[in-house]
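Okay, so here's the structure we're looking at.
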Amino acid sequence: MHENQRRILDYLLGKPEGATLDELAAHLGITKTAAKEHVVKVEAQGLLSYRDAKGAVGRPRRHYLLTSAGQEAFPRQYSWLSNVLLELLAKDLGPSGVSRLMTKLAADVSGSFRERFARAGTMAELLAEVTAVLNELGYRATLKQSDLRKGAVVEATNCVYHSVAKKHPELCRFDTRFLESSTGMNVRLECCIAKGGAVCRFAIRKRDG
């Protein structure tokens, strides 16, 4: 993104009522024509919207505002809050309670992607789609082996709750149960970052019978 486009977003973040093209051009120190070109490009990315406000006289003045996507373009530091909440849950529920909670949460999260997973025509496609979802959740996952005859393997290089899982490994129950719920297969955690491993490695096998 061009520096001026980023500056437009920064400026509008502090202007919940929006800003006119004149204001944006003055803020950037460029002409209205040049400012308009940047606005059009940012708007095309879905980061800006506008509203026309009637003045006392003359034509309505167009005010540009951030969309929800534009607001989300700014950094959001959720990890500290997540870690605090997980720590409190682990202390309050105990290991068995956390395991039950993670099992239910994994099933619920997997269920939210049910329609997406159902579009997979083969097990290899399903494993690829499940891996893609893991990446969307922040795991930095890779499907290392998709052939169930040889044993499918998924590896993740990012533990999304690393600092808490080191003290409460029962949180890792979410990962295995999510994969089991999503694939209908047996899943075993062979290597775990929270326990000192270089990656989290999940071995996926067909269920007996």
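Read-outs: derived from the displayed coordinates by stated rules, not from any lab. This one's a predicted model, so the numbers in the text were calculated from it and none came from an experiment. Please note: Cβ atoms are built from the backbone with ideal geometry, for glycine as well, and neighbour counts cover all protein chains shown.
Some observations on this one:
- Computed extension gain for Arg6 through Leu65, at 0.36 nm per residue and net of the alpha carbon distance, reaches 19.9 nm.
- Eigenvalues of the alpha-carbon gyration tensor of the chain, scaled by 5 and square-rooted, set the equivalent ellipsoid semi-axes at 47, 21, 16 angstrom, largest first.
- Under the Karplus curve 6.51 cos²θ - 1.76 cosθ + 1.60, θ = phi - 60°, whole-Hz ³J(HN,Hα) for the range 134-144, x wherever Gly or Pro sits: 4, 5, 5, 8, x, 7, 6, 8, 9, 7, 7
- 3J(HN,Hα) along the range 175-190: 4, 5, 5, 4, 5, 5, 5, 7, 9, x, 10, 7, 10, 10, 7, 8 Hz, from the Karplus curve 6.51 cos²θ - 1.76 cosθ + 1.60 with θ = phi - 60°, whole Hz, x for Gly and Pro.
- Cleavage-rule hits, trypsin sites (Lys or Arg not before Pro), the range 1-67, DSSP coil, Cβ neighbours within 10 Å at most 11: Lys54
- For the chain, built as a Gaussian network whose Cα springs stay under 10 Å, the top-fluctuating residue of Val42, Val160, Val133: Val42
- Phi angles across the range 47-52 convert, under the Karplus curve 6.51 cos²θ - 1.76 cosθ + 1.60 with θ = phi - 60°, into 3J(HN,Hα) values of 9, 10, 10, 8, 9, 9 Hz, Gly and Pro given as x.
- Restricting the range 65-166 to chymotrypsin sites (Phe, Trp or Tyr not before Pro) in coil, as DSSP defines it, with at most 14 other Cβ within 10 Å: Tyr78
- Across the range 104-189, the mean sequence separation of Cα contacts (distance under 8 Å, 6 or more residues apart), normalised by length, yields a relative contact order of 30 percent.
- Members of Lys144/Lys195; Lys166/Lys206; Lys167/Lys206; Lys91/Lys206; Lys91/Lys144; Lys104/Lys167 lying beyond 26 Å, as alpha-carbon distances in this model show: Lys166/Lys206; Lys167/Lys206; Lys91/Lys206; Lys91/Lys144
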